Amino acid sequence: MPTTSEIIAHATQLFEDLSFNAAREWKAAKPERKVVGYLPVYVPREIIHAGDMLPLGVVGGGDQLEVIHGDAYYQSYICRIPRSTVELGVSGRLDFVDGMLFPSICDVIRNLSGMWKIMFPHVYARYFDVPQNYRDEIGGNYYTQELAELRHDLGTIRGKPITDEELCNSIAAYNENRRLVRELYTFRAERPWQAPAAEVFLLMRAGLVISVEQHSEMLRDYLAAAGAEERPRRDNCRIVLTGVFCEQPPLNLIKSLELAGCYVVDDDLLLVTRWLTADVPTDGDPLQNLARAFLHHSESTAAKYEPDLKEKGQHLVRAVKRTNAEGVIFACPSFCDPALLDRPMLQHVLAEAGIPYIAFKYAENSGQMQPIREQAGTFADSIKLWSGQ
Amino acid sequence: MTATKIVTPKAAAKDVEKDLSMRKQKAMMAAHYDRITSAPETGSKTCCTFVPGNLNELIMCFDLLNNLPEVNAIQAGLRRASGNFVLEAEKIGHSEDVCTYVKSDIGMAAKGNIAPNGKKFPDPDVLLLSYTGCFTFMKWFELLREQYKCETIMLHTPYMADGKVTPNMIEYMVKQLKEEVIPKLERISGVKFDIDRLRESLKQSAKAEDDLVRVLQAAKAKPSPIDAYFGGIYYIGPIFGAFRGTEDAVDYYRFLREEVEARLAAGQGPVTPDGDMGEEKYRLVVEGPPNYTNFRQFWKMFYEEGAVVVASSYTKVGGVYDFGFRHDPDKPLETLAEYCLGVYTNRSLPMRIEMLTNYVNEYQADGLLINSIKSCNSFSAGQLLIMREVEKRTGKPAAFVESDLVDPRYFSAANIKNRLESYLQMVEQKRAGGRAAA
């Protein structure tokens, strides 16, 4: 059985590989294989998988990618993820990708979908719209039709329609994967010193660039290894990290939080890995099942409308209670409209619930961690010293 | 028809020349603000909604007064009050990075919510979250809902990513209208929905839209009788705001059209705040919203150089009518859906590029100028690619200036003037090159 350090070494290698060699190798293994990229925050990867394709999560270039061309496409007041994504495209790092999906998350990613069509006219590029109306007969019908169009398009790329049976099999594979992800998150919430936040992030990140079957195996191995190893427990406080659902923070930022005294017991990093919060039925109409799961059993985030004022922000309160957290850290990417506009409302909800919080901004290439470490350290101290008084 | 320019030095905004249509509009706006601020006394109910996705005809069916927060933010910008409102919003926790319309609105509420007529805005009875082409709108009304604790009705407009409106999109929107929006508006207003009343308003809308298109397309003439950006912002005021579907709007746009046709017949250029523009030296297409805190100063930089804007994308943000769409009373709900789907910012980037390219060609413009807005991702993200593509497709030079909607901190007059002057020199060089080649 591999050790946690061996598994994390593999995940780190995948994380650092900005040429996506694992995905390239996967594609090269069989001539008929295709790869479809997607951006945050959610796409139904089951449909891509059902078409014998690899869903490839593209979440920007991180802090190791030198952005040369990408900056020529964006003004200084636009967030970082589109410019590093453009860099990945223009520099040929995504030249093996057969399609790109741009989910409905914000105006920047939305507009990037159109840019992609112009910049890479030979690549299938689709803006993936999701409903903001959550009634089955309204938003559900609309979304099912959108899913049918996606299924049709991917079937065309494959050269063969995607069948219901293939879809149900893929749903089962992703149900299994999500169960393992939830298990890992529960494990970390119970024993965060055994599953550091940076490791959990790397594991989730690996799931974006390898097949779901490989990823599930990696998670199983990690859970077994992490459960068997004893690691030193620090006198850290327990926090929920939020706002990090699109542009990802640098790995060093995540590490810095724990070094500063904050165990991350829940987060909204790489939400696609656990967007659907319950198993999707594997019988019946698979597209309707995926649609219903989206409408009724999916994560809350700033990109989704919350129809009920009383529910606004409660997902965060519930996360704090569920994980026995002592505070919340809002880390939002600079110029991220959804996260930054949502933040004051969420903060009001937390204040009302008596949950302490701090907030800062970052970019995926932020290099200076000292101010964040100091802020998080002070927050941890304040929780330790004054919580419950 | 005689020329309709009126100069009244003793007017409130002295030294500013205005068309008669501008004065007429000012009176319409003043009356509307009075209706809104007197709602608590008259018993009227107010509904807030947005310019892109504005369902004014439907709102009127329920006797609701339409109060548009974007328009209020613009008014605050023009009155130079928005800077303090933005600071106030930042003081209470809003990020410096986000939309300044939102912060102006929230800051204004924090500072007493005073309307342009000096009276207090009533709290809205309902927020009609009909937004199209901008995610920020969704967050904006979530913020207002938190503040006012009033009912909020979502109408979600899908994005026209592939350049077409699909039956699925229309069906989705009509269902939302039938099963969510209309029943809730009935309940909140206490007024039963009458589809014939909606049809009547839609008929009026189409009439006004016809005249608006004729006004904007008058800019194809040389010289252009209008400035389709700075002047255009006045022209779109009633139809993008609370007047579409009213007799007032029909009268206003007929009046405006006649005024513009008279200028056209007389071979006159646009009226600027300093009077007739003089010789038309440059014809530009402009993409992006303007800056409102220094609106006159910004405009002056153009007309002092003899630059007139012959077409702009911003004047399509509350509805694109120049490609034939009109509100259709024969399919009242479908037409509202089509309207929402078609507004400029709900159009994909390739569609925007095509539209701007066509404008440069059809309006015989010298090139494209982009005013990129710091806090408006919907417009701004992708504009550098738009600039390069339009330049490539038209062979005409394009340029880029940056400012903000209503945050005066991001208006740098010297930088903008410098860039504009350099750009116009580039246009001259291009012309000289063209002449030499001929």
FRET efficiency for A:THR156 and B:ASN84 from the Cβ-Cβ distance with R0 = 51 Å, rounded to 0.05, comes out at 0.40
Relative contact order of chain A, please, whole-number percent, based on alpha carbon pairs below 8 angstrom and at least 6 residues apart. 20
How big is the antiparallel share of DSSP beta bridges in chain A, given as a percent to the nearest 5? 5
Whole-Hz Karplus couplings 3J(HN,Hα) for the stretch B:291-298, θ = phi - 60° and coefficients 6.51, -1.76, 1.60, Gly and Pro as x, run 8, 9, 6, 10, 4, 5, 4, 4
Among B:SER378, B:TYR253, B:LEU356 - extreme Cα towards positive end, dipole of the protein assembly as shown, charges at beta-carbon: B:TYR253
For the stretch B:158-268, go through all pairs of different Cα atoms, get the mean of 1/r, take its inverse, and jot down that Kirkwood value in Å. 16.5
With +1 on the Cβ of every Lys and Arg and -1 on the Cβ of every Asp and Glu, and nothing else charged, how large is the dipole of the protein assembly as shown about its Cα centre, in debye rounded to the nearest 20? 1520
10 Å Cβ neighbours from other chains, averaged over peptide A:135-147: 4
What order, most packed first, do the peptides B:338-350, A:374-386 have when packing is the mean number of other Cβ atoms within 10 Å of each residue? B:338-350, A:374-386
For a Förster distance of 45 Å, can you work out the FRET efficiency between the beta-carbons of B:GLU258 and A:ALA148, rounded to the nearest 0.05? 0.30
Isotropic mean projected area of the C-alpha convex hull, the stretch B:20-437 (nm²): 19.1
Select from A:ASN169, B:MET28, A:PRO344 the residue farthest towards the positive end of the dipole of the protein assembly as shown; place +1 on Cβ of Lys and Arg, -1 on Cβ of Asp and Glu, and compute about the Cα centre. B:MET28
Nitroxide proxy distance, nm - points 7 Å out along Cα→Cβ at A:THR186 and A:ASP235: 3.2
Give the angle, between 0 and 90 degrees and rounded to the nearest 10, that separates the Cα long axis of helix A:212-228 from the longest principal axis of the Cα atoms of chain A. 20
Of the listed pairs A:LYS312/B:LYS45; B:LYS91/B:LYS184; A:LYS321/B:LYS178, which have alpha-carbon separations greater than 30 Å here? B:LYS91/B:LYS184; A:LYS321/B:LYS178
Between the modelled labels at B:LYS119 and A:ASP136 (7 Å from Cα along Cα→Cβ) the distance in nm is 4.9
For chain B, whose charge dipole is built from +1 on Lys and Arg Cβ atoms and -1 on Asp and Glu Cβ atoms, the candidate among B:PRO167, B:ILE59, B:GLY288 with its Cα farthest towards the positive end is B:GLY288
FRET efficiency estimate (nearest 0.05) - Cβ-Cβ, B:ASP330 to B:ARG35, R0 25 angstrom: 0.25
Quick one: angle between helix A:164-190 and the longest Cα principal axis of chain A, in degrees between 0 and 90, rounded to 10, please. 10
Can you compute the helix-only [θ] at 222 nm over chain B? Use -39500 (n - 2.57) per DSSP H run of at least 4 residues, normalise by all residues, nearest 500 deg cm²/dmol. -15500 deg cm²/dmol
Once you place label points 7 Å from the Cα toward the Cβ at A:THR282 and B:GLU171, how far apart are they in nm? 3.0
Averaged over its residues, how many other protein chain Cβ atoms are within 10 Å of peptide B:266-278's Cβ atoms? 0
Quick check for me: using +1 on Lys/Arg Cβ and -1 on Asp/Glu Cβ, what's the dipole size of the stretch B:20-437 about its Cα centre, in debye to the nearest 20? 580
For A:TYR127, A:TYR143, B:TYR101, order by how many other beta-carbon atoms lie within 10 Å, fewest first: A:TYR127, A:TYR143, B:TYR101
Whichever lysines have a C-alpha closer than 16 Å to that of B:LYS430, once near sequence neighbours (fewer than 8 apart) are set aside: B:LYS281, B:LYS392, B:LYS396
Tilt of helix B:136-148 relative to the longest C-alpha principal axis of chain B, in degrees (0 to 90, nearest 10)? 40
Counting helices only, and only those DSSP H runs with n ≥ 4, report the 222 nm mean residue ellipticity of chain A as the sum of -39,500 (n - 2.57) divided by its residues, in deg cm²/dmol to the nearest 500. -15000 deg cm²/dmol
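Every number in this text was worked out from the coordinates using simple rules, so none of it is lab data. This is a predicted model, so every value here is computed, not measured. Because the Cβ atoms are built from the backbone with ideal geometry, glycine has one as well, and the counts that use them run over all protein chains shown.
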